[in-house]
Amino acid sequence: MLKKNKGRIAKLINDSLRPIETIYHYLKGTLSSVKKKAPHVFEEIESVFKSHLISIETGRRLQTNMDFDKFSDVITERIVKKLPNIDERAINKIVKDKSLNSFLDMLTRGLGSSIVEEVDYTKIKKEKLFKRILIANRGEIALRVIRACRELGIETVQVYTKQDAKSLAVRFSDKSVRLGNDAKAYLDMNKIIKIAQKLKVDAIHPGYGFLAENAEFAKLCKKNKIKFIGPSYEAISAMGDKINAKNIIKKAGVDVLGGMNKLIADIKEGKEIAKKVGFPVIIKAAAGGGGKGMRIVERDDDFQESFNACQIEAEAAFNDNRVFIEKYIVEPKHIEFQILADDKGNVIHLGERDCSIQRRHQKLLEEAPSPVLDDDLRKRMGNAALRVASAIRYEGAGTVEFLLDKKGNFYFMEMNTRIQVEHGITEMITGIDLVKEQIKVAAGAELAYKQEDINIDKWAIECRINAECPWDGFCPSTGTVTNYLPPGGPGIRVCSSCHQGQEINPHYDSLLAKLICGGKTREEAIERTKRALDEFIIEGVDTTIPFHKTVLSNNAFLKGDIDTSFIEKNEIMEQLKREYKQKKKVLTKDEKAIVITTAVSEYLKKKNRFNDKNSAWVQTARQEAVMNE
């Protein structure tokens, strides 16, 4: 790779190493810090320069006809390949950097490379970045955006509701403004725009959920000359209407699921279409996404109940009860591709994520890459995802989702026109900060990489840690987090806004944290995830940690034999219930006494009738509790 840059480097060496004696001694002085920290590296550099680069003769300059190929090989073999943090792509980037004025600058930059270097997939001048961004979301994703903005030097404005007043996002943002009293406030488009105008923000980041895929909100932002950090409202609208999306995708040459590309007017028409398509079918919300407003129907007798339930759920979730019918694929794999595109028409994908571990169409565990794709299938699916994004002139970060059947056929399912919950595993295996790239693209950045430049050689797994009881049908668990201790160590990342003392209420999503673990191989990623789950301590509410432990220990999962029916086929829920019954703790006499006296104590404190910690009443109550056991 260095050989391609012969002329440039030769000129830089000539310009920077004259006169010979002065530069040689200067070089030794400049690299003195390297000599102290890594003497073996210094010795190699000194040896290379003495024996292969220059011949020290007073008054003579470096010859332009030097054996450059030999010099390049020596540099690569004796120095570059001995530094584990430098790869050929990094070398090429350093060599092409016009801000480096000499070979010495290049060498210094190379030696200072980070072992885990974040990759910039876009290029933009700092003065073109936004000055202030409003975050129209909450929880983990709001905190994630704040961190990205801080690293980019962008001020943040966090809107919040009464329940989120003490959240980490409010604490760490530069400014915060109360939006309302409940979750509905995060959907108040006009109020959010007014706050943005008052505080003179340049852009609004919608996160995921709430207004992230609302075309009207994106249009309202544009009308008020505030940049919506996401695709255009036309692209959101095109993919938001599932019937329209299917027609666009078919024209782009991508297969879609069989069915009728029209809305269902009533139950009678729906039954007729279902019979033509052939059972099983799936009824879907036309404005849906995220697994909501979907019902699988296996026989004609169940159609009416499923149709009504789907319409009710669609109306509640999207304020739109329109539905349509598709052929249902039995036991498919759910594969999605991460897209990144600029406003110049450039688009790349950053590999796939396997989201097949799910319950009622809700994702629970994801991994990247997928254990079931070979190179040929990955390439074909990736190219299809690029055609989808190009067909609607997509801009920003997005996800194209497919269903993969047992024969290796894949079908477009939907496109999420936003940052995904599970974007972190793609960041783990590529080194890219997707949120920062999303912000830079919105500010006008151009992609700096082409598809052929993307190389993935790592593995990552994400576990969604929710405040739910997995042994009781994943029912929500509410209360106060009394202890929160996330795991650490190599290859471990926790994305969360959870903290000790946080109130978990039923008004918002149950997600507490995203545990992301990476490794060189799938096996290493699995072992790290197991270790991290064992270390993860969350007390005060029930969580899905036991569920993830059960999945990661399952033989089918370890073999990569997964699909959307994994939980049912492997009886994961039944196993969890058995384990819960076995581990259910029986309180000792002392523990029961403490529980009773503590409860009585707290009750009397509220009544303002109890102030003496050594009250004889409490002692008597404790004694009676023990004796009555």
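The values are calculated or read from the model by the stated rules, or taken from the named source; none is laboratory data. The shown structure was predicted, so the numbers you read here are calculated from the model rather than taken from an experiment. When we count neighbours, we look across all protein chains shown, and the Cβ atoms used for this are built from the backbone with ideal geometry, even at glycine. Just so you know, the surface numbers come from the protein's heavy atoms only, side chains and all, with ligands and any DNA or RNA stripped out. Shrake-Rupley method; radii C 1.70, N 1.55, O 1.52, S 1.80 Å.
Are any residues in the stretch 175-200 free of Cβ contacts under 8 Å to residues at least 24 places away in the same chain, open to solvent by 10 Å² or more (accessible area, probe 1.4 Å) and either in a strand (DSSP E or B) or among the charged types (D, E, K, R) (or both), and if so, which ones?
Answer for the stretch 175-200, where residues must be free of Cβ contacts under 8 Å to residues at least 24 places away in the same chain, open to solvent by 10 Å² or more (accessible area, probe 1.4 Å) and either in a strand (DSSP E or B) or among the charged types (D, E, K, R) (or both): SER176, VAL177, ARG178, GLY180, LYS184, ASP188, LYS191, LYS194, LYS198.
Show the residue pairs that are 6+ apart or on different chains and have beta-carbon atoms under 7 Å apart, the first residue being within the stretch 142-159 and over 16 Å from PHE210 (Cα atoms), the second being of a type in the set (Gly, Ala, Ser).
Within 7 Å, the pairs are ILE146/ALA169; ILE146/SER173; THR156/SER173; VAL157/SER173.
Please verify whether ILE296 is hydrophobic (A, V, I, L, M, F, W, C), assigned to a strand (DSSP E or B) and surrounded by 23 or more Cβ atoms within 10 Å (Cβ to Cβ), treating the condition exactly as stated.
When the stated conditions are applied, ILE296 does not pass them.
How many of the residues in the stretch 347-394 are of a type in the set (Val, Ile, Thr) and either closer than 24 Å to GLY288 by Cβ or open to solvent by 50 Å² or more (accessible area, probe 1.4 Å) (or both)?
3
ALA142 passes all but one of (1) under 23 Å from the mean Cα position of the chain (by Cα); (2) surrounded by fewer than 21 Cβ atoms within 10 Å (Cβ to Cβ); (3) aliphatic (A, V, I, L, M); which number fails?
With respect to (1) under 23 Å from the mean Cα position of the chain (by Cα); (2) surrounded by fewer than 21 Cβ atoms within 10 Å (Cβ to Cβ); (3) aliphatic (A, V, I, L, M), ALA142 is out only on (2).
How about the stretch 395-440: which of its residues are over 23 Å from ALA215 (Cα atoms), touching a helix residue (DSSP H, G or I) at 6+ places or on another chain (Cβ under 7 Å) and open to solvent by 20 Å² or more (accessible area, probe 1.4 Å)?
GLY408, PHE410
Please enumerate the residues belonging to the stretch 429-443 that are under 15 Å from the mean Cα position of the chain (by Cα) and of a type outside the set (A, V, I, L, M, F, W, C).
The answer is THR430, GLY431, ASP433, LYS436, GLU437, GLN438.
In the set PHE307, PHE318, PHE324, which member is of a type in the set (Phe, Trp, Tyr) and within 29 Å of GLY408 (Cα to Cα)?
Criteria check complete, one pass: PHE324.
Of everything in the stretch 204-235, what is open to solvent by less than 50 Å² (accessible area, probe 1.4 Å), more than 20 Å from ALA445 (Cβ to Cβ) and not in a loop (DSSP other than H, G, I, E, B)? Give them in sequence order.
ALA215, PHE217, LEU220
Within the stretch 309-328, does at least one residue satisfy the condition of being surrounded by 19 or more Cβ atoms within 10 Å (Cβ to Cβ), in contact with a Lys or Arg (Cβ under 6 Å, 6 or more places away or on another chain) and assigned to a helix (DSSP H, G or I)?
Yes, that holds for at least one residue.
Looking at VAL277, VAL256, which one is in contact with a strand residue (DSSP E or B) (Cβ under 7 Å, 6 or more places away or on another chain), open to solvent by 10 Å² or more (accessible area, probe 1.4 Å) and under 30 Å from VAL441 (Cβ atoms)?
The unique qualifying residue is VAL256.
Which one is nearest to LYS559 (Cα to Cα), of the residues in the stretch 330-378 that are of a type in the set (A, V, I, L, M, F, W, C) and outside any strand (DSSP E or B)?
Only one residue fits best here, namely VAL372.
How many residues, within the stretch 128-141, are in a helix (DSSP H, G or I) and more than 17 Å from LYS200 (Cα to Cα)? If you could, list the steps in order and put the result at the bottom.
Kept after step one, since they are in a helix (DSSP H, G or I), are these residues of the stretch 128-141: 128, 139-141.
Among the residues that remain, those that are also more than 17 Å from LYS200 (Cα to Cα) are: 139-141.
Within the stretch 128-141, residues that are in a helix (DSSP H, G or I) and more than 17 Å from LYS200 (Cα to Cα) number 3.
Please count how many residues of the stretch 145-174 are open to solvent by 50 Å² or more (accessible area, probe 1.4 Å) and either among the charged types (D, E, K, R) or under 15 Å from HIS205 (Cα atoms) (or both).
Summing the residues that are open to solvent by 50 Å² or more (accessible area, probe 1.4 Å) and either among the charged types (D, E, K, R) or under 15 Å from HIS205 (Cα atoms) (or both) in the stretch 145-174 gives 8.
From the list ARG578, ARG531, ARG522, exactly one residue is open to solvent by 10 Å² or more (accessible area, probe 1.4 Å), of a type in the set (Lys, Arg) and free of Cβ contacts under 8 Å to residues at least 40 places away in the same chain. Which is it?
ARG578
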